[in-house]
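All remarks here apply to the structure that follows.
The values are calculated or read from the model by the stated rules, or taken from the named source; none is laboratory data. Since this is a predicted model, take the numbers as computed values, not measurements. Every residue, glycine among them, receives a Cβ derived from its backbone with ideal geometry; neighbour counts consider all protein chains shown. Side chains included, ligands, DNA and RNA excluded: accessible areas come from the protein's heavy atoms. Shrake-Rupley method; radii C 1.70, N 1.55, O 1.52, S 1.80 Å.
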Amino acid sequence: MAETSRPLDALNRARNKRVIVELKNDKQYIGKLNAFDIHINVVLDESEERVNGEVKRKLGTIFIRGDTITIISPE
Amino acid sequence: MAETSRPLDALNRARNKRVIVELKNDKQYIGKLNAFDIHINVVLDESEERVNGEVKRKLGTIFIRGDTITIISPE
Amino acid sequence: MAETSRPLDALNRARNKRVIVELKNDKQYIGKLNAFDIHINVVLDESEERVNGEVKRKLGTIFIRGDTITIISPE
Amino acid sequence: MAETSRPLDALNRARNKRVIVELKNDKQYIGKLNAFDIHINVVLDESEERVNGEVKRKLGTIFIRGDTITIISPE
Amino acid sequence: MAETSRPLDALNRARNKRVIVELKNDKQYIGKLNAFDIHINVVLDESEERVNGEVKRKLGTIFIRGDTITIISPE
Amino acid sequence: MAETSRPLDALNRARNKRVIVELKNDKQYIGKLNAFDIHINVVLDESEERVNGEVKRKLGTIFIRGDTITIISPE
Amino acid sequence: MAETSRPLDALNRARNKRVIVELKNDKQYIGKLNAFDIHINVVLDESEERVNGEVKRKLGTIFIRGDTITIISPE
């Protein structure tokens, strides 16, 4: 690990992999990380919405506004 | 998919297509994506408001302030 | 519609027309759109306040701070 | 009305007149508009606080932080 | 009163005088206004905390972060 | 006291002294003020967390994000 | 301790050590501090989520958006 590792590097390594994105409203979106920017706006492909661990909706490609996100982790 | 794909590219590809915009207050607006900007301010045409999946109002053209939005997805 | 249509263009087209402005606190203000800026601060003329669809107050000219607004639509 | 009318013009016209300032916490402050800035920080003179329409306190000169304000209207 | 009076002028005139600072969480801090800046960060000397009008604590010098403040008024 | 006293001067005078930092979520952190910046991010040494005046945890060095802070005062 | 010690210095000293990150929604994430930036966006390795002190999930590498964080402390 480089000494100057930055948070966005971790997102970069997760590109094209499946991630869990959790929002302030407690919803989770799981999908393949397609894109992100410095505001942590995120685009997921082949995504689905989960509430309390249960799949609620299949959503395809989804844009998530960064300021609603709490954490992003690999599935 | 380009390696440097950015979140706004996904919104750009959705222009003139029907999208679902969800707000922090849990309302949904469905309509044709007419315009957006870097704040994720959005304009929908031929839109309607849904609450818990039910159509509440037909609204025509609607401006949505970006900071109230959680996700945007194709219908 | 121009390909590079921007959200504020839609507000510009609504100038001098009656619009509904909805706030995060669920209040609605209906009036003639007099002015707006990039923060979406808005001024309405001949306005009234509605709560749950009912007219609560006649207000004349009103300044609405942009960061409290969720949507703006034609009446 | 000029075509390029801006929201702060409306506040400028209200200087030295009595206005109602409403906050996100539902309190109202009524007083003579002494000063405002681009953040919509506001100073009222000869002001009073009202809650649910009832006068709670006489306050003299009062500084109101802009980001707590929802609307400003003439009394 | 000068035509170009600005909100911070009012705070400037209150320096070294006792003021009431009210927060979004409904607490009040009363003390002598020692310092403020453009973010409305405030320092009070010889201050006390009041909740519902009752003195809860004597606090001496206190730093208050601007974005928690709703209003500032002379005692 | 200099006429141009600024809020951060008060924090500077509190360096290496014990302070109480209160958060929007009503938690209190008490410790020796090690560092702060213009965002009011704060580092305390030899700190402890109190809820309703009761010590909940001993924490050693702690970083507190500025935008969660309401007030900082000497212990 | 240098006189000009800054808050991010404390985070820098915690790199590669286990820390507790607490969020506004009361969740805790414990893991090895891999990276952070000026927004206090944080990446933890070998992390786990705790709610009320109980381990809820093992999460591996996790990105935490800075504006949801209240405090960061060594485990």
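Summary of computed values
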{"read-out": "Separation of the F:Lys56 and G:Val51 label points, Cα + 7 Å toward Cβ, nm", "value": "1.6"}
{"read-out": "G:Ile38 paired with G:Asp9, simple spin-label distance in nm, labels 7 Å along Cα-to-beta-carbon", "value": "1.8"}
{"read-out": "Number of partner chain Cβ atoms within 10 Å, mean per residue of E:31-40", "value": "4"}
{"read-out": "Surface share of carbon and sulfur [accessible, 1.4 angstrom probe, percent] for the protein assembly as shown", "value": "48"}
{"read-out": "Rg followed by Dmax, in Å, when the protein assembly as shown is reduced to its Cα trace", "value": "24.5, 64"}
{"read-out": "Whole-Hz ³J(HN,Hα) from phi, Karplus 6.51 cos²θ - 1.76 cosθ + 1.60, for segment B:40-57, glycine and proline x", "value": "6, 4, 9, 10, 10, 9, 6, 9, 9, 9, 10, 10, 6, x, 9, 5, 9, 8"}
{"read-out": "Part-to-part distance (alpha-carbon centres) for segment E:41-75 and segment D:28-49, which is given in Å", "value": "20"}
{"read-out": "Computed helical MRE - 222 nm, chain B, DSSP H runs ≥ 4 contributing -39500 (n - 2.57), nearest 500", "value": "-2500 deg cm²/dmol"}
{"read-out": "Buried solvent-accessible surface, both chains (G, A), 1.4 Å probe, Å² to nearest 100", "value": "1700"}
{"read-out": "Charge dipole magnitude, Cβ of K and R +1, D and E -1 - the protein assembly as shown, Cα centre, debye nearest 20", "value": "300"}
{"read-out": "Shielding by partners - mean other protein chain Cβ count within 10 Å, residues of F:53-59", "value": "1"}
{"read-out": "Reduced Cα scattering model of segment G:7-74, Debye log10 I(q)/I(0), q = 0.15, 0.18, 0.20, 0.22 Å⁻¹", "value": "-0.39, -0.57, -0.71, -0.86"}
